[in-house]
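What follows draws every value from the coordinates through simple rules; no lab data is involved. In this text the structure is predicted, and so the values were computed from the model without any measurement. Here Cβ is always computed from backbone atoms with ideal geometry, including for glycine, and neighbour counts include all displayed protein chains.
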Amino acid sequence: MSTTVIGGAPAKPRAPATPIDLLNNDTAKLYTHMHPILVLSLYAYQFPSIVADPVTGLTKTLIPLSILQVVYVALCLPPTGSGSGSASGQPEKRKPGEKKKVVPGKVESGINGKIIPAFLSLLLSTVVAAPLLTTTLVLFGAPITTHHAHTLLCGAHIAFLSIIPLVYVHGVDGATWREAVALLLPLDEVYGGMLGAVSGAWLGAIPIPLDW
Amino acid sequence: MAVRTFLLTLANLLIPIAILVFATGFFPYKPFMPGLAEYDDLGWEHQMGWNNKSVADAPFDRLVFMVVDALRSDFVYSQGSGMPFVQSLIREGYALPFTAHATSPTITMPRVKAITTGSIPSFLDVILNFAESDTTSTLATQDTWLAQLKAKENGRLVMYGDDTWLKLFPDFFERNDGTSSFFVSDFTEVDNNVTRHVPEELLNDDWNAMIMHYLGLDHIGHKAGPNSPNMLPKQKEMDDIVRDIYSAIENEDHLQNTLFVLCGDHGMNEGGNHGGSAPGETSPALVFMSPKLSKVTGSWEKKSPVSPKEGTEFEYYRLVEQSDVAPTLAGLLGVPVPKNNLGVFIKEFLGFWDDERDRIQLLLRNARQIKRIVEATFPSLDFGDVTTREEEKDCVSPSTGQDLACKWQAVLHSDLFKILQFMQAAQETMSSTASNYDVPRLIIGASLALSSVVLSFFTLPALRPVSPHGLYYMLILALYSILMFASSYVEEEHNFWYWATSAWLFYLFVSASRKEWTSNFILHPAIMVLVLHRIIRRWNQTGQKFAGADDIVHSPLFRGSYSIVLWALVGSTYIDVTNRLSRHVARSIAAFEGLSGVSLGDGPYDDFDPNRFMAFIAVLPLGATAFVFKLGFTTLDAPELTGGINRDLLNWVAGLGLVGVARMVFGGIGLSAFWIAVAEWKRAKGRRKNVDGNGDLAVALFDLLTLILLTQTKAQNIPLYLLFRLQFFFLSMLNLDPVSLTTTTLLLTQTSFFALGNSNAISSIDLSTSYNGISGYNVTLVGILLFVSNWAGPIYFTAAGILLLGGHGGAQSTRRHIATSELDDRDWVREERAHLERMARQERVVEERKTKGGGWKVWSEHVSLMTLWTGISTASVMLACIVLRQHLFIWTVFSPKFLFAMAWGLGFHFVVTIGLSGLIWGVGRW
């Protein structure tokens, strides 16, 4: 088993990751507070139907949840590659000799820079993160021979809640994801949200033995 | 250092004292009234027109008492029952059906006590049930309806079936033939042993009570649950026996006044087990049969089969208490009610007496007898025979005792209904036994346990800097102590440990990833342990809520013709152990050769080929005998697991005589241990002063221990040891620090306990392997084997944890003594150099651990953490039992939990966590 060493010995020391800041505009500042309320009220609204018929209920909730998450990341978070969030508001520094970029139209840049990454992260969360989280759930004790749809939907919900924003801001950089697993990322709104979702899922197992 | 050792010793000594003090307060010895009851004056003679000491004429003079072990109510009464004849008797009015509520613990001996004495056996009987030879548990000196019937003129008893009766009633029976329920796989022989006596006994007229106890149905339940394909044929077989006996009663003159009772001693849950208080376990059937019963049932609605009462699963017809059988039989057969009885005469039978005064007399005798017990329990209250008629009192008093006194006074000037009301209230009050706790002792016991916690807290390794794993350890302890107060969490305790272990192993992965990233993270050792853990936790379904749900053991994978899969796994487990033992023996051969002149010291000669070969030949008989024993035992105990194996082979193996084979295995293990120990001692002496050994003896003892544990484990659980072994291997690759190792040890000991099929219910205790190598009954030996077979997993991981702590026997066991200064500094070796340096660092860490504080510091820190755990768990169970002593589930959930806590605290903590681990740590330093 080959190992690579993070920190210390390796040839290219990585700069420590900086916390992700929210976009510096009023919509972002407002919506970031509304978003949790919206997500929670979505679950609260759907709760009876989830309890009555978990598979249908969770599947139906998945679509509004994905819309909410996409809107949230597009409105509030800096997309990957835009540098740190705080940089996005500042004037761009150009190196000498570098061509001046063609500034795209506002709508076009909005689509290119935000909507497409948002949908990409939705896609990645569905295709990669949801199965991975489902496997983790099984590893933590979810049934392996029955309730496949239940477990998969649970994995998908956790993925949508926690992974979409993370993919949106960090992209698919392997090193960053390793740091995410090793708890080395700074605790910002996005990473904290992911940790909260995952440990919430773990703590959610506590009432299982109760019979009321 | 000395202060710490002193505190630690004190903390450890406090634990057994606390447990014993608490136990004496919690399970008080119930005094019973000796001697046989006699008819005495009731005091109302002139009012009612009775003659002194007169007795209402009894309708019956003979009794056939047929117990079918685990005969749950639905087996007789439901639509799907295999007992059509009994049902036809119910329809015709010749049988009176009831559901007899059996109180927990629902195991045979306490139930037989309840049926025969009418009392509610104390929880102490559970322990006595296992220590069967104990004379205090016999009923020879107690008043029972058996003793009453025997005392009658021409009273002779005969008994066929379960030998529990013979143990309870020594020298009671004129003729008997006891069967022991040693192999639960025996469905037919145990019952044929009883049935073959029935025809001739029905022709004899010298007995006035015949007791039969059939075990086959219970065995089927234990093996395959209530839905087993064998269940219905067995019910039909029982039904045929009932038909034979009933038609004899109809046709034989000397049997015409015979009362025929068919009952179960307890029921079974969906998994086919019993001992707890699930509705299925507490609902046995109870049927009284006789042609004369048509007088009683005359105009009643008679229906069968029926469905259970709305909202219940197993409540058919009227629910009575099991103890009600005793006074009812006494009344119907015309003998005094047994002295310690708390049962109430079943009122349906009052119809046998036409005169109202006879009915009152019958009930009043019952009520007076109960009153005597109530009086003894509440000596301060007035149960005096107040004959002045007062105003009707409203009997709602603050204390239950006063309530009873008031109800008794109502009896004195009232009718049948008031008498029954008093008796039922008394029964309810007395069976809750809440008044019997010795609360000061409970509090002293709990405070002793708490002070042990405080003491061991001061012996802990340095708490600062606060480490996440130390924090996690404390979190487990805190959560556990809270969970002990909730009955559901006590019943489903395994869920907590599985849950905490999963998270801990994932944390180990995360924490290792912080140091270095493994490119193939799916194969990371911590993840591998987690995957193994996931398989292990599904091996046996345990707990109450999902008892009987699917698990690996009961999957078709190991059944019938597929059982070859199981035996391949079992075989590889044995081959693995044998192979590892051969390595130790090879080393010992080398050690002795070294003495005889050929110079072979420590080092690579351990694996010297000819020695390895010789050693393997030497160890093979031991491994093979152990395997053959397991095969032979399983052929008798669980034949469904040997389906794919050659019949002739099985017959040969089964004919070997298991006791002798088991003794050979244990003897072989002892001999090997002695041989290897002597050889290792010689090697250790031959080594130069400054060179340390590898702790090979510790590993050798661990491997021998594994063989003992395998012998004490049921075949279907043996592949688990292969998984445990893999977990041990992967854990050794993780290089954990001492506190993490202690946490891992704690979690895995608990996990493996539950994964082997145990739970906090008495019914989960497995007795089948506790007679290995023992031909007679010997409390000490059976006790030891019983403990080892039920705590096999925890014992395994305690030893494994110590090996990890000492750095023995894992992936990095062989010390390389890497000299870092001699390492080359060229580019292409840099990576290798870094790797070696890391390994050297780890070796140094382990080395430091072993030498620190005279070598025992790390071990004593491990012990102090484990002492803290034992103290906290014991104290929290005690506190839960004190706080919840009036709780509905105190006898069904919390008391069994306390019994298990006793075993963990006395047996496991002292003998295993301190004794065994101290031994392994000690020899690991040779």
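A few remarks follow.
- Candidates per GluC sites (Glu not before Pro) in region B:264-308, loop by DSSP, up to 13 other Cβ within 10 Å: B:Glu301
- Residue among B:Ala624, B:Gln842, B:Phe496 farthest towards the positive dipole end of chain B, charges placed on Cβ: B:Gln842
- Residues with amide H under 5 Å from that of B:Tyr771, placed H, sequence gap 5 or more: none
- Between the residues B:Phe314, B:Ser456, B:Phe26, the greatest Cα displacement towards the positive end of the dipole of chain B, with unit charges on the Cβ of Lys, Arg, Asp and Glu, is found for B:Ser456.
- Restricting attention to chain B, close to 30% of DSSP beta bridges with both partner residues there are antiparallel.
- All other residues whose Cβ lies under 14 angstrom from that of A:Leu187 are scored, Lys and Arg at +1 and Asp and Glu at -1, for a net of -4.
- Pairwise FRET efficiency - B:Val454 versus B:Ala486, Cβ, R0 = 25 Å, nearest 0.05: 0.50
- Of B:Lys113/B:Lys223; B:Lys223/B:Lys545; B:Lys292/B:Lys347; B:Lys150/B:Lys339, pairs whose Cα-Cα distance is over 23 Å: B:Lys113/B:Lys223
- Distant-in-sequence amide H partners of B:Gly643 (H built 1.01 Å from N, under 5 Å): B:Gly560, B:Ser563
- Hz values of 3J(HN,Hα) by residue in region B:261-278 - Karplus curve (6.51, -1.76, 1.60), Gly and Pro given as x: 10, 10, 8, x, 7, 7, x, 8, 8, 5, x, x, 9, 8, x, x, 10, 5
- Between region B:512-561 and region B:272-305, the alpha-carbon center distance in angstrom: 44 Å
- Residues A:Ile208 and B:Val883, FRET efficiency given R0 of 22 Å [Cβ-Cβ distance, rounded to 0.05]: 0.35
- Computed E for A:Leu132/B:Asp438 - FRET, C-beta separation, R0 35 angstrom, nearest 0.05: 0.05
- Net charge of neighbours whose Cβ lies under 15 Å from the Cβ of B:Ala654, counting Lys and Arg as +1 and Asp and Glu as -1: -3
- B:Glu321 long-range amide H proximity, modeled H, under 5 Å: B:His101
- Within region B:175-252, the trypsin sites (Lys or Arg not before Pro) that combine a DSSP coil assignment with at most 16 other C-beta atoms in a 10 angstrom radius are B:Arg196.
- Loop-resident sites, region B:163-202, for chymotrypsin sites (Phe, Trp or Tyr not before Pro), counting at most 13 other Cβ within 10 Å (DSSP): B:Phe182
- When shorter helices are ignored and each DSSP H run of at least 4 residues is given -39500 (n - 2.57), the per-residue value for chain B at 222 nm works out to -17500 deg cm²/dmol.
- Gyration tensor verdict on chain B (Cα atoms; rounded if a/c is under 1.5, prolate if a/b is larger than b/c, oblate otherwise): prolate
- Around B:Phe558: net Lys/Arg minus Asp/Glu count, Cβ-Cβ under 11 Å: -1
- For chain B, complete DSSP H runs whose alpha carbons reach 20 Å or more along their own long axis and whose mean Kyte-Doolittle score is 0.5 or higher are B:2-26, B:439-458, B:468-483, B:563-595, B:609-637, B:658-686, B:696-711, B:719-734, B:738-755, B:792-806, B:857-883.
- Shielding by other protein chains, B:510-516, mean Cβ within 10 Å: 5
- Considering only B:Ala700, B:Val261, B:Pro105, the residue lying farthest towards the positive end of the dipole of chain B is B:Ala700, judged by Cα position with unit charges set on Cβ.
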